[in-house]
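The block underneath contains the structure these notes are about, expressed in structure tokens.
Laboratory data are not the source of any read-out in this text; all were calculated from the coordinates shown. On a predicted model such as this, the values are computed, not experimentally measured, just so you know. Glycine gets a Cβ as well: all are built from the backbone with ideal geometry, and neighbour counts include every protein chain shown.
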Amino acid sequence: MKLVTYLREEVDQLAMLVNGQLYNVQELHPDLPTTMHMFLQMWEEVIDLAIQLDAQLKAGKMPRATSWGVPYESAQLLAPVPFPTSCRDGYAFRQHVAAARRNRKVEMIPEFDQYPIFYFTNHNAIQGPGEILCMPDHFRNLDFELEAAIVICKRGRNISAAEADEYIGGYMIMNDMSARLLQMEEMKLNLGPAKGKDFSTVIGPMLVTPDELEPYLVPAKEGHTGNSYNLKMRCWVNGIQVSEGNMGDMDWTFAEIVERCAYGADILPGDIIGSGTVGTGCFLELNGTGKLNDPNYKEQWLQAGDVVEMEIEGLGRLVNTIVAEASDFSILSQKKNV
């Protein structure tokens with residue numbers, strides 16, 4: 001099942017996406033909630049009914065509903081989970097971590113293979129397709145990060161990896177936008193990332209439930225636990241492909257990341273958890289590799305007007321345009337004692 005949040009009459013509404021049409025879920029059945037927030041809160045009560053109705057739509061067994069459909073391409077899409085309860089981001093792809101460290105001429109950190117880590121980012125800066133507003137300091141090495149993400153669909157605490165997939169409501173594309181100069185400066189103090197990340201995290205364009213992805217299931221890597229999916233991941237900037245990877249390359253599974261998140265803490269319906277960057281999935285890594293191989297390599301960073309398109313097989317295509325805010329305010333210029 002593919003779930004989309006769109007704007008209708010200035011209100012966020014939840015819809016199923018079937019054959020290029022959006023079907024408002026409450027119009028399909030009065031027992032279904034109107035928003036993704038409510039759907040996640042009521043997940044165990046409504047998911048079976050929703051999957052049943054989705055199957056009927058796909059089979060053409062709800063002819064009366066065809067007149068309710070809104071064309072997907074013409075709808076104003078929001079983030080599929082527009083008001084998450086929190087947002088964590090993991091560090092699951094060894095290829096990305098190893099390449100980034102190699103480019104900095106430092107050894108691979110052994111702790112990566114010992115446990116999955118994550119950081120909290122600004123859940124109030126979650127957005128969907130469309131414009132990404134950036135301040136002047138963000139353009140000091142502005143970067144995309146190609147990732148996948150999950151949303152939690154039921155409350156839990158101290159969950160084992162073996163049972164953690166039961167808490168995953170669905171999967172999305174994530175673009176963890178990064179202002180690299182701000183990020184690198186603040187992380188010298190061994191705290192963060194904060195201002196380098198908190199201006200925009202993009203998810204979308206849809207939430208895809210696990211049943212839809214069963215044909216893509218593959219075994220987790222040796223010694224790991226949880227579902228893994230053979231899903232191609234790609235990114236284009238201004239129509240030029242810059243990144244390619246696969247969700248199946250995650251060394252730490254989402255189940256293992258959830259296990260760590262839930263240790264001694266409640267996870268809640270609406271919590272978003274990202275995978276971390278896929279190998280080749282950001283300019284920071286690509287620039288570092290390019291300069292390592294060729295000292296004359298010209299770095300590339302995102303600029304105002306750039307169009308970033310991300311695609312994960314089965315999860316759709318997420319399109320955003322970089323926009324400069326009408327401001328010249330700089331926090332980098334506020335530094336003292338320099």
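Would you mind getting me the FRET efficiency between LYS291 and ASN158? Use the beta-carbon distance for r and R0 = 35 Å, nearest 0.05. After rounding to 0.05, the efficiency reads 0.20.
Loop-resident chymotrypsin sites (Phe, Trp or Tyr not before Pro) (DSSP state other than H, G, I, E or B) in segment 6-43 with no more than 10 further Cβ atoms inside 10 Å of their Cβ are absent.
Given the -39500 (n - 2.57) contribution per DSSP H run of 4+ residues, what per-residue ellipticity at 222 nm results for the chain, rounded to the nearest 500 deg cm²/dmol?
Details: 8 runs with 67 residues, N = 338.
After summing the helix terms and dividing by residue count, I get -5500 deg cm²/dmol.
Of the trypsin sites (Lys or Arg not before Pro) in segment 1-102, the ones in a loop by DSSP (not H, G, I, E or B) with at most 16 other beta carbons within 10 Å are LYS61.
Neighbour counts of C-beta atoms inside 10 Å place TYR91, TYR115, TYR229 in the sequence TYR115, TYR91, TYR229, starting with the fewest. Taking chymotrypsin sites (Phe, Trp or Tyr not before Pro) across segment 260-304, the ones in a DSSP loop with at most 13 further Cβ atoms lying within 10 angstrom of their Cβ are TYR263. A straight Cα-to-Cα reach below 23 Å connects LYS188 with the lysines LYS105, LYS197, LYS291, LYS335, LYS336, residues fewer than 8 places away in its own chain not being considered. Each part reduced to its alpha carbon centroid, segment 260-333 and segment 108-186 end up 9 Å apart.
Its relative contact order, with pairs defined as Cα atoms under 8 Å and 6+ residues apart, puts the chain at 23 percent.
Scaled against the 2.2 N^0.38 Å expected of a compact globular protein of N residues, the Cα radius of gyration of segment 183-338 reads 1.24. In segment 5-80, the ratio of gyration radius to Kirkwood radius, Rg to Rh, stands at 0.94 when only Cα atoms are counted. Each of ALA59, LEU49, THR35 was scored by the projection of its Cα onto the charge dipole of segment 2-74, and the greatest displacement toward the positive side belongs to ALA59; charges sit on the C-beta of Lys, Arg, Asp and Glu. Based on every Cα atom in the chain, Rg and the maximum pairwise Cα distance Dmax equal 20.1, 70 Å.
For segment 36-176, the alpha-carbon radius of gyration amounts to 1.36 times the rule-of-thumb value 2.2 N^0.38 Å expected for a compact globular protein.
To make sure I understand, if each residue's beta carbon is the centre and we count other beta carbons within 10 Å, what order do SER327, SER200 fall in, fewest to most?
Numbers: SER327 9, SER200 22.
If I rank by nearby Cβ atoms, fewest first, I get SER327, SER200.
Placing unit charges on the Cβ atoms of the charged side chains and taking the dipole of segment 140-233 about its Cα centre, the candidate lying farthest along the positive direction among MET187, ILE159, LEU146 is MET187.
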